[in-house]
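Okay, so here's the structure we're looking at.
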């Protein structure tokens, strides 16, 4: 991995850890709001009740109980485990007989459910929604079918943040997405609440690739209503409908069934045009067209250095209306240049990802 890419990868790792902590805080806060009453009662009984029990225990002339042991004694009494022989004092006996009923009330009121949900976050929509709420400039892929899943794979291989939105997924697809570390939001993409859970207000692009043209149309209309500036890529089977989408909904890219390709979808989601891969002597090659971003690894470097060090061929450079085909090796690439690159398919994806510069939010 090149040094600049390695540094970027490490930064994303640190950013991912901070995101996990923020998601943990938001998810735990949501759980607390839902289960705070039984938890507060539990703490009051174990800590407050334990303190009073210890004072009464000492008042009866018995050996003093350490503060740290008192909550544990309350827990023992709750589960019918006697810490020592039953006392004779009525004010201590009350604790022995009352605490098991208190435990039943607390458990029934939600403490056990809180613990289960707290420890099994990955199984809950709430945790996934909390995690997605920390995403910025991500790509939402609507529909994780045959095409959608391949698009997600390509985007993940480009080290981009992806969220999958679908109304239902089988266990095999959930497993694959889990291996790719891609969160899933289950729900109808036409519903604004579902789109909000997927982070539509902070996403950079929306890729609609279900097999139903009308569902895709309804969804992107809703997306465009919420986010007039978002980049939209959509899959359609009806070419006429695709033309109408371009004209009236301002969809950046519409791919018909004949042009389906996961890398093309992924590239268009980033504003990069990519050709279908061609196979030469058993290796896949592709051509990409992109605009050099301000912080791209290409800025300030010569065409010759880029071609030699990055193992790619710069076919064309365009800027200010001037287009140079097969530019000389001493030409310096600048931010804003339009560049056409031919390289091995994996290299093309890597170049697109490293050039990618999300909008600040």
Those residues that are at pLDDT 85 or above, part of a loop (DSSP other than H, G, I, E, B) and more than 21 Å from residue 271 (Cβ to Cβ), I need them from the stretch 183-211; list them, please. 183, 187, 188, 189, 190, 191, 210
Please state which of the following conditions residue 189 fails to meet, knowing it meets all the rest: (1) over 14 Å from the mean Cα position of the chain (by Cα); (2) farther than 24 Å from residue 351 by Cα; (3) surrounded by fewer than 23 Cβ atoms within 10 Å (Cβ to Cβ). (3)
Restricted to the stretch 217-239, and to residues that are modelled with pLDDT of 85 or more, out of contact with any strand residue (DSSP E or B) (no Cβ under 6 Å at 6 or more places or on another chain) and not in a helix (DSSP H, G or I), which residue is surrounded by the most Cβ atoms within 10 Å (Cβ to Cβ)? 227
Counting only residues that are at pLDDT below 90, give me the strands (runs of 3 or more DSSP E) lying completely in the stretch 285-361 with at least 3 of them. none
How do the pairs read when you match residues in the stretch 288-304 that are over 21 Å from residue 275 (Cα atoms) with residues anywhere that are part of a strand (DSSP E or B), using Cβ under 6 Å and keeping only pairs 6 or more apart or on different chains? 302/332; 303/314
In the stretch 69-90, what residues are within 21 Å of residue 105 (Cα to Cα) and either assigned to a helix (DSSP H, G or I) or not assigned by TED's automatic domain parsing to the domain that holds residue 108 (or both)? 70, 71, 72, 73, 74, 75, 76, 77, 78
In this structure, does residue 66 turn out to be modelled with pLDDT under 90 and assigned by TED's automatic domain parsing to the domain that holds residue 20? no
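The values are calculated or read from the model by the stated rules, or taken from the named source; none is laboratory data. Because the structure is predicted, anything quoted here is derived from the model rather than measured. Counting neighbours? That spans all protein chains shown, and the Cβs are built from the backbone with ideal geometry, glycine included.
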